[in-house]
Amino acid sequence: MDETAPMSTDPLTAAAQILCRSTRVVCLTGAGVSAESGVPTFRDAQTGLWAQFDPEELASPAGFQRNPGLVWRWYMSRLAMVEQAQPNPGHRALAQLERILPHFVLITQNVDDLHERAGSQRVIHLHGSITRFRCSQCGAPYQLQPQDREAEMPPVCRLCNGWIRPDVVWFGEPLPPEALVQAWDETGQCQAMLVVGTSGVVYPAAQLPVVAREHGATLIDVNPEKGPMADLADIFLQGPSGVILPQLVEKTIACRGDQHET
Ligand code: OAD
């Protein structure tokens, strides 16, 4: 492809051209990328988790202190759901982008491991992981035991007797510092940011696309709904990520093929 060639007027082709011309690409994902795997989002009106459950009770340190058993059982049921879920074509397309682009890093707000199971290797988990556990008092890591899955109360730490909790970020808690530093660093250097399946209302994650733009990166948003990210983006690709991303990969591969021929 000719580097000076004009951008296509077709948004999908233009997005592929941007990816193709960028040496560093970052992708920020949210719950929407896992929706087609059957993992519910948080804020979709009928099906979102926060439409049915109270985050103050289930996803805050105070809620855990008040009712550790309730929180534990809720996370065990979410863990079982995540384990049964399979990566969808959107996850697989992102893993493929990592393989075909020179530098591609995924920053996810999701606590599931579907990106990794789809083959992505460079994944930064901003909000932790539902498959890992640690002591809520001393922070010691904990290996989940089969009997814990059906237990009414969380297991206790062998070192300090504190309750064991999922290694996820709850409301009011800071993000894991290492993940945050890496995410900011990658974002400050990227030429293109792909934003996929996030409502863009939870900070500091929602700040990353703003930072990318401030550094001159081109923003591409993939979402069935037009939200704050679409308003910020240079290119809005409207539709489910399981449909749009494989098409984007196909066009990016074609674009890279053209590039190598010229
Ligand atoms: P939200 O539930 O806020 O937003 C999900 C987004 O996915 C919405 O913009 C939907 O339109 C979009 N969506 C739905 N189906 C989709 C599909 N098939 N393909 C692409 N997009 C689709 O989820 P997040 O933005 O991830 O935090 O929420 C951010 C954080 O809020 C979460 O990480 C969680 C939550 O509270 C913590 O747990 C700390």
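What follows draws every value from the coordinates through simple rules; no lab data is involved. Keep in mind that this is a model prediction, so the values were computed, not measured. Backbone-built Cβ (ideal geometry, glycine too); neighbour counts: all protein chains shown.
Couple of notes before you dig in:
- Taking amide H positions as modeled 1.01 Å from N, with prolines and chain starts lacking one, the residues under 5 Å from A140 and 5 or more places away or on another chain are C135.
- For the chain, the longest principal axis of the alpha carbon atoms and the long axis of helix 68-84 meet at an angle near 40°.
- Computed [θ] at 222 nm, deg cm²/dmol, the chain (DSSP H ≥ 4; -39,500 (n - 2.57); rounded to nearest 500): -12000 deg cm²/dmol
- Residue of Q84, Q65, Q145 that the Gaussian network model of the chain assigns the largest fluctuation, springs spanning Cα pairs under 10 Å: Q145
- Kirkwood estimate for the chain, i.e. one over the average of 1/r between Cα atoms, Å: 19.3
- For the chain, the longest principal axis of the Cα atoms and the long axis of helix 89-100 meet at an angle of about 60 degrees.
- Solution diffusion estimate, µm²/s, Stokes-Einstein, segment 85-144, Kirkwood Rh from C-alpha pairs, 10 °C, viscosity 1.306 mPa s: 125
- Sequence-distant residues sharing a close amide H with I124 (under 5 Å, placed H): L106, I107, T108
- Summarising the strand pairing of segment 142-262, around 10 percent of its internal DSSP beta bridges are antiparallel.
- Relative exposure of F104, F53, F236, judged by other C-beta atoms within 10 Å (fewest first): F53, F236, F104
- Selected from S120, S34, S60 as most flexible by GNM, with the chain as the system and alpha-carbon contacts under 10 Å: S60
- Cut-off under 5 Å, modelled amide H: who pairs with V195 long-range: L28, I220, D221, V222
- For segment 148-214, a/c is not less than 1.5, where a ≥ b ≥ c are the root eigenvalues of the C-alpha gyration tensor, and a/b tops b/c. That puts it in the prolate class.
- Extension reserve of the L144-E225 stretch, reckoned as 0.36 nm per residue once the Cα distance is removed: 25.4 nm
- Net +/- balance of residues flanking H125 in space, Cβ distance below 11 Å, scoring K and R +1, D and E -1: -4
- FRET E, pair L70, R21, Förster distance 45 Å, beta-carbon r, rounded to 0.05: 0.35
- Whole-angstrom gap from segment 94-126 to segment 1-61, using each part's C-alpha centre: 12
- Contour excess over end-to-end distance, with Cα ends at S8 and I100 and 0.36 nm allotted per residue: 31.0 nm
- One chain, two ends: Q84 and A51. Fully extended at 0.36 nm per residue, the span grows by 9.6 nm beyond their Cα-Cα distance.
- Comparing V123, V39, V181 in a Gaussian network model of the chain where C-alpha atoms under 10 Å apart are linked, the largest mean-square fluctuation is found at V181.
- The convex hull defined by the C-alpha atoms of segment 1-74 has an orientation-averaged projected area of 8.2 nm².
- Angle in degrees between helix 11-21 and the longest Cα principal axis of the chain, rounded to the nearest 10: 90
- Listed values for segment 181-187 are Karplus-derived 3J(HN,Hα) couplings in whole Hz (6.51 cos²θ - 1.76 cosθ + 1.60, θ = phi - 60°), namely 4, 4, 5, 5, 4, 4, 5, and x replaces Gly and Pro.
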